[in-house]
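Report on one structure; see the data block that follows.
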Amino acid sequence: MEHHTGSPAKFKFEDRFLFIIVPLFVLLGILDIWGFHYHHLHPTGALAYMCAFLYSMPMIAFIVVLGLYLAEETDDFMRALWVQSILWGIGATLAIANFCGASARFGLDPHLGISSIQFVFLLVMIFTMVVIKLRYR
Amino acid sequence: MECKTNNPAAKRFTYRFLVMMLLYAVFSVLSTCGLLLWHPAGVLIWLLAVLPALPIGVAVVFTGLYMNEEKDDFQRAVLVQALLGGIGTTLVVTTVWGFLENYAHFRRLDILMLWPLYLVFVVISYGMVKARYR
């Protein structure tokens, strides 16, 4: 049976994730569907920059929350686990981006937009986290 | 002025990383020349596309190896903070740029620029973290 233990830093991380990042994602999801898909808005100038900044808010928040967690976590093992996952996330994302960039140059199919990078990173990081946790079980 | 380190793990890492960057440059040129001069087809196209990505993957593996080999916890913490700062800034910049591309018809950013962009941000972040602890 799974045991649920965690450091105060982990609880804080979960709280921050749940009460800051998740609402931001939901809010931006609603804004995206309502504004850009339903009303077909095309912001220009300062408004476009503001929207772009708004869209990057969940990622900024995630990086800040993750940084705070790594600074607060006293369990070296847990910290090492996160660091390994982040490292694999960076590595795989950069390798995939490079491959897709080169493929696009050769006229091949796997096209990856620059805004998809954050999702690739998060997916690989979560996948690596699960694999590493299974390895140490 | 930057002090030179006697740390064997750091020396090994620097050497390995520089070799990988050199390979990245060579493979990138080879890959581009391959496209322009030979007009390849089939499997060769895929191989040429994979080629520049290989040193990047290996460089990241070497970073992981350095983290395992490094005995100085402080040095490790500095590198981790720099990497986190680098990836954070890269993700934020690409997200903002992606949105501006999609909705404000901003100039398209080539995805191949991701690695140089990330390296620049890691170096800036590393300098900032080191300056903080000076």
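Throughout, read-outs are computed from the coordinates displayed, never taken from laboratory work. This structure is a prediction, so every number in the text was calculated from the model and none was measured. Methodologically, a virtual Cβ is constructed for each residue, glycine included, from the backbone with ideal geometry; neighbour enumeration extends over all protein chains shown.
Things worth noting here:
- Between region A:68-137 and region B:18-77, the alpha-carbon centres lie 16 Å apart.
- Projected-area mean, chain B, by convex hull of Cα positions, square nanometres: 10.7
- Working note: Karplus 6.51/-1.76/1.60 with θ = phi - 60° gives region A:80-96 the couplings 4, 4, 5, 4, 4, 5, 4, 4, 5, x, 4, x, 5, 4, 5, 5, 5 Hz, where Gly and Pro are set to x.
- GNM flexibility winner over chain B from B:F74, B:F106, B:F13 (Cα, springs under 10 Å): B:F106
- Peptide B:104-116 - average C-beta neighbours from other chains (10 Å radius): 5
- Scanning residues 5 or more positions from A:L41 or on other chains, those with amide H under 5 Å from its amide H are A:F36, with H placed 1.01 Å from N in the peptide plane.
- In order along region B:101-112, the Karplus-derived 3J(HN,Hα) couplings, from 6.51 cos²θ - 1.76 cosθ + 1.60 at θ = phi - 60°, round to 4, 6, 10, 10, 6, 6, 4, 6, 9, 5, 5, 5 Hz, and Gly and Pro are given as x.
- B:R12-A:T44 FRET efficiency (beta carbon distance; Förster radius 51 Å; 0.05 resolution): 0.50
- Where only alpha carbons of chain A are counted, the Rg and the Dmax (Å): 18.1, 55
- Rounded if a/c under 1.5, otherwise prolate or oblate - the protein assembly as shown, Cα gyration tensor axes: oblate
- Net charge dipole size for region A:75-137 [Lys, Arg +1 and Asp, Glu -1 on Cβ; Debye, nearest 20]: 140
- Relative to the longest principal axis of the Cα atoms of chain B, helix B:53-69 runs at roughly 10 degrees.
- Cβ neighbours within 10 Å from other chains - mean over A:61-70: 2
- Kirkwood-type hydrodynamic radius, region B:72-134: 12.7 Å, calculated from all non-identical alpha-carbon pairs.
- For region B:72-134, a simple Cβ point-charge model (Lys and Arg +1, Asp and Glu -1, everything else neutral) yields a dipole of about 180 debye relative to the Cα centre.
- Highest to lowest packing among A:82-88, B:127-133, scored as the average C-beta count within 10 Å: A:82-88, B:127-133
- Nearest-20 debye value, the protein assembly as shown charge dipole, Cβ charges on Lys, Arg, Asp, Glu: 540
- Length-normalised contact order of region B:72-134 in % [C-alpha pairs under 8 Å, at least 6 apart]: 55
- Derived scalar couplings between HN and Hα for region B:15-27 equal 4, 4, 5, 5, 4, 5, 5, 5, 4, 4, 5, 5, 5 Hz in order, rounded to whole Hz, by the Karplus curve 6.51 cos²θ - 1.76 cosθ + 1.60 (θ = phi - 60°), x for Gly and Pro.
- Taken residue by residue and averaged, Cβ atoms of other chains lying within 10 Å of the Cβ of B:78-87 number 4.
- Of the residues A:F62, A:M129, A:V26, the one whose Cα sits farthest towards the positive end of the charge dipole of chain A is A:M129 (charges of +1 on Lys and Arg Cβ, -1 on Asp and Glu Cβ, taken about the Cα centre).
- Here the peptides A:92-99, B:48-55, A:11-18, B:59-66 are ranked by packing, the mean other Cβ count within 10 Å, and the order with the highest first is A:92-99, B:48-55, B:59-66, A:11-18.
- Global geometry of region A:49-91, whether rounded, prolate or oblate, following the gyration tensor of its Cα atoms and the 1.5 cut on a/c: oblate
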